Amino acid sequence: DSTSMEDFWCEVESIKESREDGSEEAMLLEFKPADEGELEAEWLQDVGLSTLISGTEEEDGQALLSTLTRTQAAAVQKRYNTYTQTLRKKNKHTVRDVRDIFGTTDSSEMGRGKSFQHSWGREAAKSCLDCGIDKGSPSVTEELSYDVSFSESITVLTKTQEWPKNQRFKKEDSALPKFIVQKSRFGLTEVGDLSPEDMKKIRYLSLIELTAFYDALGVELKRNRMERVRGRENGLFGVPLTVLLENDQKKVPGVKVPLIFQKLLLKLEETGLETEGILRVPGSASRVKNLHQELEAKFYEDTFDWDQVRNNDAAGLLKMFIRELPSPLFTVEYLPAFITLVEKISKIKLQLQALHLLIMLMPEANRDTAKAFLQFLKKVVANEGKNKMNLWNVSMIVAPNLFIYKGKRANQQEMQAAATTSHIVRLLIRYQDILWTVPSFLISQVRKMNEAAMNNSKRQLMFDKGVRKLLRRKTMERERPERPESDIPEGVIRVYAPLHSKVSMAIQLNSQTKAKDILARFHCENRW
């Protein structure tokens with residue numbers, strides 16, 4: 001009801017007032033319409049399969065395709081089919097048949113990577129989905145397994161099951177279940193543990209998996225296509241995160257979260273966590289405006305006096321920083337997907353899985369900044385006894401600052417969007433420790449991609465004519481027979497090992513000789 005969302009609407013009104021008095025600019029985002037087939041082409045590019053679009057056959061992402069599960073392969077095939085059908089309608093250049101990529105159109109055979117989890121994953125998937133998530137019990141505890149892909153788990157749902165059209169959220173913190181993550185044999189991996197190259201592959205696979213996940217649920221995965229938005233190239237507020245970090249790294253090499261954002265969080269953590277109504281009670285609009293201008297002039301000169309900043313004003317500056325980002329913290333592209341995961345998916349466990357994949361898709365700068373922000377919000381909630389801000393209060397205040405929202409009056413549609421975005425923030429805060437880990441099934445797929453790429457490189461190297469000729473010549477130069485074959489006595493054999501420095505050796509055989517004895521001789525000789 002409207003009273004339960006009062007904090008949300010008060011925050012929306014506060015944002016409107018800030019924009020009307022000129023203390024900040026409204027974020028205007030322009031979206032470009034998509035021509036037929038463009039969305040599928042962009043999707044294929046975003047998942048690392050751009051060579052399917054260019055039509056080149058020498059490198060079409062076989063390493064990636066070879067790791068896909070059945071549902072993931074089906075998602076790729078569906079988008080590629082749509083793309084090729086569109087090109088044929090437009091009479092454009094010839095495109096490859098999908099059977100040339102997957103080898104078959106039989107859904108039971110799609111997904112060359114299915115063997116590494118399909119043979120044993122069914123029971124694990126079923127046990128994950130059979131837990132009672134929505135029973136309302138305050139003591140519900142469930143296990144999360146990352147060994148099986150989320151989209152494969154969905155296949156055990158009955159086809160007759162329908163999702164409720166209208167969601168109503170229980171505001172009590174106890175309505176959220178407690179999840180326990182099952183550790184795989186490789187342990188838990190956080191996003192910061194992986195190399196940039198591996199994280200790039202994680203993003204490819206996450207988008208494929210998210211698409212397959214939504215397909216399995218019968219939900220459309222929508223993405224915004226936004227025109228590039230130009231932000232300021234210097235300063236603190238209204239600067240793109242990547243530009244701001246580039247400027248900050250000149251001052252502090254390796255920094256991953258903007259310095260001004262870190263300082264605002266530190267100020268609030270040191271003095272504001274116990275302040276009653278922190279984040280909810282707005283600071284003085286005129287003071288915040290003056291502090292904003294003073295920070296822009298003095299922050300990098302280290303002459304700004306932080307002692308003068310009141311806690312509520314610091315909270316106002318923090319929220320202003322987030323709102324003034326040229327592109328939202330959780331990216332314009334995937335904002336519809338965030339909304340859909342709540343409006344179209346009823347079970348919290350499934351919502352969390354979709355949210356997990358969306359976090360994996362975030363650019364590094366956005367994800368690191370979001371992580372710092374959510375860790376701060378968790379501390380605010382932990383001090384609820386003194387600051388009177390519980391999880392739902394904090395979520396309602398933060399939601400309109402994080403998500404693009406166009407609401408002027410509390411009609412039914414806007415009310416539903418208000419509750420939806422607040423619930424998303426609640427999930428982000430409550431389950432953030434889970435969201436920063438990389439699902440082990442994605443780690444397994446990246447490992448298989450790396451192995452496949454390495455094997456392809458080895459094969460290419462071995463079959464290169466120039467390399468083969470060079471190896472043959474080197475082998476002939478290194479081979480020096482110890483004695484002519486005709487002089488070898490009976491019971492002696494000559495063993496060749498062209499990859500060793502000593503390429504051949506005469507071995508006296510007897511009834512006790514074993515292969516390991518011959519290998520030991522070679523290892524001993526080559527050691528010297």
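The values are calculated or read from the model by the stated rules, or taken from the named source; none is laboratory data. Treat the numbers as computed from the prediction; the structure is a model and nothing was measured. Neighbour counts run over all protein chains shown; Cβ positions are idealised from the backbone, glycine included. Side chains are part of the model used for accessible areas, which takes the heavy atoms of the whole protein and leaves out ligands, DNA and RNA. Shrake-Rupley method; radii C 1.70, N 1.55, O 1.52, S 1.80 Å.
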Go through 338-351, 187-200 and give me the packing order, highest mean Cβ count within 10 Å leading.
338-351, 187-200
When every protein chain stays in place and a 1.4 Å probe is rolled, THR437, THR513 sorted by accessible area with the largest first are THR513, THR437
Give me the net charge of LEU268's neighbourhood, meaning all other residues with Cβ under 12 Å from the Cβ of LEU268; Lys, Arg count +1, Asp, Glu -1.
+1
Is the C-alpha gyration tensor of segment 238-338 telling us rounded, prolate or oblate? Criteria: a/c under 1.5 is rounded; beyond that, a/b larger than b/c is prolate, otherwise oblate.
oblate
For each pair in LYS222/LYS263; LYS298/LYS371; LYS78/LYS201; LYS256/LYS347; LYS78/LYS371; LYS251/LYS319, compute the distance between the two Cα atoms and list the pairs where it is over 32 Å.
LYS222/LYS263; LYS256/LYS347; LYS78/LYS371
In terms of modelled amide H atoms, which long-range or inter-chain residues lie less than 5 Å from the amide H of VAL281?
none
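Sorting check: for 286-296, 312-322, 255-265, which peptide has the highest mean count of neighbouring beta carbons within 10 Å, and how do the rest follow? Don't skip to the end; give the middle numbers.
Numbers: 286-296: 16.8, 312-322: 22.8, 255-265: 19.4.
Listed from highest to lowest mean packing, they are 312-322, 255-265, 286-296.
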Using the structure shown, list the pairs from LYS349/LYS448; LYS448/LYS514; LYS200/LYS349 with a Cα-Cα distance above 29 Å, or answer none.
LYS448/LYS514
Rounded to whole Hz, the Karplus (6.51, -1.76, 1.60) HN-Hα couplings of segment 376-392, x for glycine and proline
5, 4, 4, 5, 4, 5, 5, 9, 4, x, 9, 8, 6, 10, 8, 4, 5
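Beta carbons within 10 angstrom, averaged per residue: use that to sort the peptides 371-378, 491-498, 215-222, highest first.
On the way: 371-378: 18.6, 491-498: 12.5, 215-222: 16.8.
Result, highest mean Cβ count within 10 Å first: 371-378, 215-222, 491-498.
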